[in-house]
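Taking it in order: structure first as structure tokens, then the write-up.
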């Protein structure tokens, strides 16, 4: 009897000793099995994530939601959004759904003045900011010379066609300055009341160069345009011209450019270049 009891105790001890690592391995297998199984996402969660993706797209690229804007104006392009709804992609980074009654087509580049419906259902089922009560006009982008118009209102006369417009933002430039302007073009504006005329509004303005000079070397061997006016600029496009040659350059001045990195100096960008005919 004692021997049989002793044998049973030895057997139990052996089983427990052998079973411990077996149970441990079994636990590891169960854990790996759980990890290997794909996460099941319910259709309602997937739909919510899709909506959130669309709504996050209808916002400022810098993180400022378009729903914070009440009145909007600016240039931009019309494009298709989800479900073929129209979207307006503003140059300033704001994106909105568009009222389909606006008559705008994808690909059009226009200046828009509109109210913002912060919780619009124009693109159902999405509830997102949309432009309504839209006024559409052309965008303006051209070089010209600032001048004084009626009642000392500032004007811009284009270099190409000689057309004159009232201008909203002169950026601290004075009459006689040669500038490059981007903005909206509004007909019959009362900006210079009581005089009514076409006006450039919501505009950006930059210094513009259009003169002869000589190509040369600058810091770190960067090519420079040494204008006859005495100013020197790094230059983006030199065409096939070489240092020492006389050229005529027309382009926008970027006041603090790193075109000649790491030096920060004024540069002529988006420029055209040709022979200087004196």
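Looking across segment 236-262, the residues that are touching a strand residue (DSSP E or B) at 6+ places or on another chain (Cβ under 8 Å) and closer than 12 Å to residue 222 by Cβ come down to 236, 238, 243, 257, 259, 260. Scoring residue 210 on the criteria (1) under 30 Å from residue 148 (Cα atoms); (2) out of contact with any strand residue (DSSP E or B) (no Cβ under 6 Å at 6 or more places or on another chain) leaves a single failure, condition (2).
Candidates are the residues of segment 75-95 that are surrounded by 19 or more Cβ atoms within 10 Å (Cβ to Cβ) and out of contact with any helix residue (DSSP H, G or I) (no Cβ under 8 Å at 6 or more places or on another chain); the one that is nearest to residue 111 (Cα to Cα) is 75. Residues of segment 142-183 that are farther than 11 Å from residue 206 by Cα and touching a residue at least 40 places away in the same chain (Cβ under 8 Å): 149, 150, 151, 153, 156, 159, 183.
Against the definition (touching a residue at least 24 places away in the same chain (Cβ under 8 Å), under 30 Å from residue 73 (Cα atoms) and surrounded by fewer than 18 Cβ atoms within 10 Å (Cβ to Cβ)), how does residue 190 come out, yes or no? Spelling it out, it is not the case that residue 190 is touching a residue at least 24 places away in the same chain (Cβ under 8 Å), under 30 Å from residue 73 (Cα atoms) and surrounded by fewer than 18 Cβ atoms within 10 Å (Cβ to Cβ).
If you go through segment 226-262 and keep only what is touching a residue at least 12 places away in the same chain (Cβ under 8 Å), farther than 25 Å from residue 171 by Cβ and not in a strand (DSSP E or B), you end up with 238, 239, 241, 242, 243, 244, 245.
With respect to (1) more than 18 Å from residue 184 (Cβ to Cβ); (2) in contact (Cβ under 8 Å) with a residue 60 or more places away in the chain, the lone exception for residue 86 is condition (2).
Evaluating residue 62 against the criteria (1) under 13 Å from the mean Cα position of the chain (by Cα); (2) modelled with pLDDT under 95; (3) within 22 Å of residue 200 (Cβ to Cβ) leaves one unmet condition, (3). For segment 193-217, residues that are over 28 Å from the mean Cα position of the chain (by Cα) and buried (at least 18 other Cβ atoms within 10 Å of the Cβ) total 3.
The values are calculated or read from the model by the stated rules, or taken from the named source; none is laboratory data. Model, not experiment: these values are computed from the prediction. Every residue, glycine as well, gets a Cβ built from its backbone with ideal geometry; the counts of neighbours run over all protein chains shown.
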